[in-house]
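Q: Dropping a structure here in structure tokens format, bear with me for questions.
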Amino acid sequence: MNDNTAIRVENLSKSFGDGDSFIEVIKDASFTINRGELVALIAPSGGGKTTLLMMIGCVEEPVSGQIWIGNEKVFDNKWLTKETRKIRREKIGFIFQAHYLIPFLNIINNLLLLPQANKTDKKTAKAKARELLKYFDIADKEKAMPSQLSGGQNQRVAIARALINDPRIILADEPTAALDMQRSVDVVKILKKIALEQEVAIVMVTHDERMLPYCDRIMKIEDKAIIFK
Amino acid sequence: MIHLAKEDVKHILGKFIVTAMGVGMLLGIVLIMMGVYRGMIVDAEVLLKDLNADLWIVQQGTLGPFAEASRVHEDLQYTIQSLQGIDKTCAITFQNIQLPKKNGKVRVFAVGYDVYGDINPVNPARLVQGRTLTTDHYEIVVTDKTGFSLHDKIKLGRNTYTVVGITHGSVSSGGDLLVYISLKDAQELQFSYSNKRIQTDRARGIINKDTHMVNAIIAKVKSGYSVAKIAGNIRKWYHKNVYTRKQQRTVLTRYVVEKASKQIGMFTAILIIVATIIISLIIYTMTLEKMKEISIMKLIGLPNIMIVRMIVEETLLLGILAFIFGNIFSHIIYSKFPKRVVLEIPDAWMLFGVVIAASILASFVGVKKVINADPASAIGG
């Protein structure tokens, strides 16, 4: 493993239920994703995309295997820390189908929530938030409420939120599902750009094959196994 | 520093205030209930304080006229007066009567006293118009809430009475409006029957109806004498029950007001429980409405303490706002109640403590929901 590794997974398995209701979703999955990569994750519905995303994101506990986030081993047949939420807060950014901004916080406060939880210096956090808003061309909207912004603008704020704590990984769960073609392409281009510029590994779940050409690699879940295209 | 509770409340300010007002009205009723109880205690003592008697001599084996029927002979006052250490005495009657008015009747509590005696039950501080009684017959002093004016004529029994004085704030231990009449008039109203009744009684062999009865003799003790010792002597030699001022107060609060106060206490406790349940339900609903956001907050890594703090602070804010609205509401409506309502600051502080405790208790339902929220539910739509 080198310094460029963002995610490393070895022999990861996940199943649900037992007896007649036993379902194995992922079996012995092993892969590495490097910083600066935009990886598309595809699979049929119910194929385990979200489950895999949640396991990498330290939300869902795998049955067995190992997971590294950067150089830190976080799972070895069990979580190696009780504070998986701290790992998420410090090392992982999330982007969802919808923007899922906190509706009662204005744009800048939506961005400042995580730095506050991480006890980051307020001035530094604010400067970083403003820099991100400027980067996404929504600097003039910092006092606006999410309800006052368009869908595309809100999705850009959501991406900015995912970047606020300089994460090693961004996990994006169908970030273009609610957008039209042009906006979808814009968002994926932005993700590609930030993957390179911020040296972040981005795993993007998508159903839209038109987005695949913009990705560096395509990871497909087929018969419980991971195949790279 | 982002204050999640403050920002959320700002976002739903109108709804939050209306909710707090609703709960506040409930708390206002709790305050009114407490005020009704305090009012009963104050009312119970008005007459006791106005009479300012050291001793109450009543029928043997009874608790006295405030608690049950008591009859003693009127001339007992002269016997009591002759005892060493007694300064003043007065024979006194109490009875509920209905004063006829144009649009119905007013229930009042009539105090009958010896106009020429040593003790005048009409507290001069309460007399706002006219004068006290000066003759033995057909004069009446009424309290202002009866609606009568000075010089009004009131037909009672066979006779017509003239209003000669108006008092303010005079009520009986039961909260009925007080009027004052002479002892002779009171005895006539209480013990004299119609001609037809007298004829019937005679036919039944009932004769010599003694109308020279009173309900109690009150006495004041000269300074330097022991009230308890004199009371003991009367009990021993004259076979009467005697109550000191303190004992009479106990009779009123323990035997007369106690059940009513328990009743009010029960209502108050139930209302507080209902308010707690309502606050819990509101917080639960408010938390449910935010479950998606809470799951997202948990998923992106916010610690539970930040989210729990938001729920607890919102609940406390709701409780405090409801308490303020409750106070405003109770102060607006308390004077509209027919009986005395006394709103006391210590009661309000006590309710404040209960509201804070109830709010913390109520927030548990929301907190439990937060702790159990699955961050994974934020993913996948």
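Q: Tell me, which residue of the range A:77-106 that is assigned to a loop (DSSP other than H, G, I, E, B) and of a type in the set (Phe, Trp, Tyr) is farthest from the other protein chains (Cβ to nearest Cβ)? Spell out how you get there, then give the answer.
A: Taking the range A:77-106 first, the residues assigned to a loop (DSSP other than H, G, I, E, B) are A:77-78, A:80-83, A:96-106.
From what is left, the residues that are of a type in the set (Phe, Trp, Tyr) are A:96, A:100, A:104.
Details: A:96: 7, A:100: 5, A:104: 3 Å.
Among them, the one singled out is A:96.
Q: Another question about this same structure. Being without any contact (Cβ under 8 Å) to a residue 12 or more places away in the chain and within 14 Å of chain B (Cβ to nearest Cβ) is true for just one of A:57, A:46. Which residue is that? Quick ask: steps written out before the conclusion?
A: Numbers: A:57 fails: without any contact (Cβ under 8 Å) to a residue 12 or more places away in the chain.
Matching residue, one of A:57, A:46: A:46.
Q: Among the residues of the range A:9-43 satisfying the criterion of being part of a strand (DSSP E or B) and within 14 Å of another protein chain (Cβ to nearest Cβ), which is nearest to residue A:85 (Cα to Cα)?
A: To start, the set of residues in the range A:9-43 that are part of a strand (DSSP E or B) comprises A:9-16, A:23-34, A:38-42.
Adding the requirement that they be within 14 Å of another protein chain (Cβ to nearest Cβ) leaves A:14, A:16, A:25, A:41.
On the way: A:14: 20, A:16: 22, A:25: 24, A:41: 23 Å.
The qualifying residue nearest to residue A:85 (Cα to Cα) is A:14.
Q: Could you identify the single residue in B:305, B:282, B:324 that is among the hydrophobic types (A, V, I, L, M, F, W, C), away from chain A (no Cβ under 14 Å) and surrounded by fewer than 18 Cβ atoms within 10 Å (Cβ to Cβ)? Steps first, please.
A: On the way: B:305 fails: away from chain A (no Cβ under 14 Å); B:282 fails: surrounded by fewer than 18 Cβ atoms within 10 Å (Cβ to Cβ).
It is B:324.
Q: Against the definition (within 21 Å of residue B:227 (Cα to Cα) and under 24 Å from the mean Cα position of the chain (by Cα)), how does residue B:99 come out, yes or no?
A: Values: within 21 Å of residue B:227 (Cα to Cα): no; under 24 Å from the mean Cα position of the chain (by Cα): yes.
Against the criterion (within 21 Å of residue B:227 (Cα to Cα) and under 24 Å from the mean Cα position of the chain (by Cα)), residue B:99 does not qualify.
Conditions (1) part of a loop (DSSP other than H, G, I, E, B); (2) within 26 Å of residue B:193 (Cβ to Cβ); (3) in contact with an Asp or Glu (Cβ under 7 Å, 6 or more places away or on another chain); (4) modelled with pLDDT under 95, marked per residue:
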residue	(1), (2), (3), (4)
B:108	no, yes, yes, yes
B:120	yes, no, no, yes
B:123	yes, no, yes, yes
B:137	yes, yes, yes, yes
B:164	no, no, yes, no
B:169	yes, no, no, yes
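Q: For the range B:72-94, how many residues are surrounded by 16 or more Cβ atoms within 10 Å (Cβ to Cβ) and either touching a His at 6+ places or on another chain (Cβ under 7 Å) or under 16 Å from residue B:110 (Cα atoms) (or both)?
A: Residues meeting the conditions: 6.
Q: Find the residue count for the range B:327-381, including only residues that are basic (Lys, Arg), closer than 30 Å to residue A:58 by Cβ and either buried (at least 17 other Cβ atoms within 10 Å of the Cβ) or not assigned by TED's automatic domain parsing to the domain that holds residue B:32 (or both).
A: Step one: filter the range B:327-381 for residues basic (Lys, Arg), giving B:336, B:339-340, B:368-369.
Narrowing further to those that are closer than 30 Å to residue A:58 by Cβ: B:368-369.
Narrowing the set further to residues that are either buried (at least 17 other Cβ atoms within 10 Å of the Cβ) or not assigned by TED's automatic domain parsing to the domain that holds residue B:32 (or both) leaves B:369.
Qualifying residue count for the region: 1.
Q: When the range B:320-372 is examined, which residues are found to be at pLDDT 85 or above, among the basic types (Lys, Arg) and within 16 Å of the chain's Cα centre (by Cα)?
A: If the condition is that a residue be at pLDDT 85 or above, among the basic types (Lys, Arg) and within 16 Å of the chain's Cα centre (by Cα), then B:336, B:340 are the ones that fit.
Q: Where in the range B:1-88 are there helices (runs of 4 or more DSSP H), lying fully within it, with 2 or more residues that are at pLDDT below 85? Before the answer, list the steps.
A: Working: elements: B:4-11, B:13-51, B:76-81.
Counting at least 2 such residues, we get B:13-51.
Q: Same structure again: Report yes if residue B:199 is out of contact with any His (no Cβ under 8 Å at 6 or more places or on another chain), in the same structural domain as residue B:110 (by TED's automatic domain parsing) and more than 20 Å from residue B:124 (Cβ to Cβ), otherwise no. Write out each step before concluding.
A: Numbers: out of contact with any His (no Cβ under 8 Å at 6 or more places or on another chain): yes; in the same structural domain as residue B:110 (by TED's automatic domain parsing): yes; more than 20 Å from residue B:124 (Cβ to Cβ): yes.
It is true that residue B:199 is out of contact with any His (no Cβ under 8 Å at 6 or more places or on another chain), in the same structural domain as residue B:110 (by TED's automatic domain parsing) and more than 20 Å from residue B:124 (Cβ to Cβ).
Condition check ((1) free of Cβ contacts under 8 Å to residues at least 12 places away in the same chain; (2) assigned to a helix (DSSP H, G or I); (3) closer than 21 Å to residue B:306 by Cα) across all residues:
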{"position": "B:340", "(1), (2), (3)": "no, no, no"}
{"position": "B:354", "(1), (2), (3)": "no, yes, no"}
{"position": "B:366", "(1), (2), (3)": "no, yes, yes"}
{"position": "B:370", "(1), (2), (3)": "no, yes, yes"}
{"position": "B:376", "(1), (2), (3)": "no, yes, yes"}
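Q: Output the number of residues of the range A:44-59 satisfying the condition of being part of a loop (DSSP other than H, G, I, E, B) and buried (at least 20 other Cβ atoms within 10 Å of the Cβ).
A: Step one: filter the range A:44-59 for residues part of a loop (DSSP other than H, G, I, E, B), giving A:44-48, A:57-59.
Then drop every residue that is not buried (at least 20 other Cβ atoms within 10 Å of the Cβ), which leaves A:48, A:57-59.
The number of residues fulfilling the criteria is 4.
Q: Six or more apart or on different chains, Cβ atoms under 6 Å: show the pairs whose first residue is in the range B:1-21 and within 17 Å of residue B:290 (Cα to Cα) and facing chain A (nearest Cβ under 8 Å) and whose second is outside any helix (DSSP H, G or I) and not aromatic (Phe, Trp, Tyr).
A: Once the first residue is within 17 Å of residue B:290 (Cα to Cα) and facing chain A (nearest Cβ under 8 Å) and sits in the range B:1-21, its partners that are outside any helix (DSSP H, G or I) and not aromatic (Phe, Trp, Tyr) give B:7/A:105.
Residues are listed down the side, and each one gets a yes or a no for (1) farther than 26 Å from residue A:198 by Cα; (2) in contact (Cβ under 8 Å) with a residue 12 or more places away in the chain; (3) surrounded by 22 or more Cβ atoms within 10 Å (Cβ to Cβ):
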position	(1), (2), (3)
A:4	no, yes, no
A:12	yes, yes, yes
A:15	yes, yes, no
A:19	yes, no, no
A:41	no, yes, yes
A:61	yes, yes, no
A:65	yes, yes, no
A:70	no, yes, no
A:81	yes, no, no
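Q: Report yes if residue A:76 is surrounded by fewer than 21 Cβ atoms within 10 Å (Cβ to Cβ) and at pLDDT 90 or above, otherwise no.
A: So residue A:76 fits the description; yes.
Q: Going through the range A:109-155 one residue at a time, which ones are within 12 Å of another protein chain (Cβ to nearest Cβ), surrounded by fewer than 20 Cβ atoms within 10 Å (Cβ to Cβ) and assigned to a helix (DSSP H, G or I)?
A: A:116, A:122, A:126, A:147
Q: Is it fair to say residue B:270 is surrounded by fewer than 20 Cβ atoms within 10 Å (Cβ to Cβ), more than 26 Å from residue A:105 (Cβ to Cβ) and either without any contact (Cβ under 8 Å) to a residue 60 or more places away in the chain or within 14 Å of chain A (Cβ to nearest Cβ) (or both)? Write out each step before concluding.
A: On the way: surrounded by fewer than 20 Cβ atoms within 10 Å (Cβ to Cβ): yes; more than 26 Å from residue A:105 (Cβ to Cβ): yes; either without any contact (Cβ under 8 Å) to a residue 60 or more places away in the chain or within 14 Å of chain A (Cβ to nearest Cβ) (or both): yes.
Against the criterion (surrounded by fewer than 20 Cβ atoms within 10 Å (Cβ to Cβ), more than 26 Å from residue A:105 (Cβ to Cβ) and either without any contact (Cβ under 8 Å) to a residue 60 or more places away in the chain or within 14 Å of chain A (Cβ to nearest Cβ) (or both)), residue B:270 qualifies.
Q: Would you please name the residue that is nearest to residue A:226 (Cα to Cα), looking only at residues in the range A:158-216 that are within 12 Å of another protein chain (Cβ to nearest Cβ) and at pLDDT below 85?
A: Only one residue fits best here, namely A:177.
Residues checked against (1) more than 30 Å from residue A:115 (Cβ to Cβ); (2) part of a helix (DSSP H, G or I); (3) within 14 Å of chain A (Cβ to nearest Cβ); (4) without any contact (Cβ under 8 Å) to a residue 24 or more places away in the chain:
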position: B:254; (1), (2), (3), (4): yes, yes, no, yes
position: B:262; (1), (2), (3), (4): yes, yes, no, yes
position: B:265; (1), (2), (3), (4): yes, yes, no, no
position: B:274; (1), (2), (3), (4): yes, yes, no, no
position: B:292; (1), (2), (3), (4): no, yes, yes, no
position: B:296; (1), (2), (3), (4): no, yes, yes, no
position: B:309; (1), (2), (3), (4): no, yes, yes, no
position: B:318; (1), (2), (3), (4): no, yes, no, no
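Q: Okay, moving on. Go through the range B:193-242 residue by residue and tally those that are assigned to a helix (DSSP H, G or I) and of a type in the set (Lys, Arg). Walk me through it before giving the result.
A: From the range B:193-242, those assigned to a helix (DSSP H, G or I) are B:195-204, B:227-238; that's our starting set.
Subset that is of a type in the set (Lys, Arg): B:196-197, B:202, B:204, B:229, B:235-236.
Number satisfying all stated conditions: 7.
Q: Pull out all pairs, ordered by first then second residue, where Cβ-Cβ is under 7 Å, the residues are six or more apart or on different chains, the first lies in the range B:76-93 and is on the phi > 0 side of the Ramachandran plot, and the second is assigned to a strand (DSSP E or B) and modelled with pLDDT of 90 or more.
A: As it stands, the answer is B:85/B:221, since those pairs meet every condition given.
The values are calculated or read from the model by the stated rules, or taken from the named source; none is laboratory data. Note that the structure is predicted; figures quoted are calculated from it, not measured. Don't worry about glycine lacking a Cβ; one is built from the backbone with ideal geometry, like all the others, and counts go over all protein chains shown.
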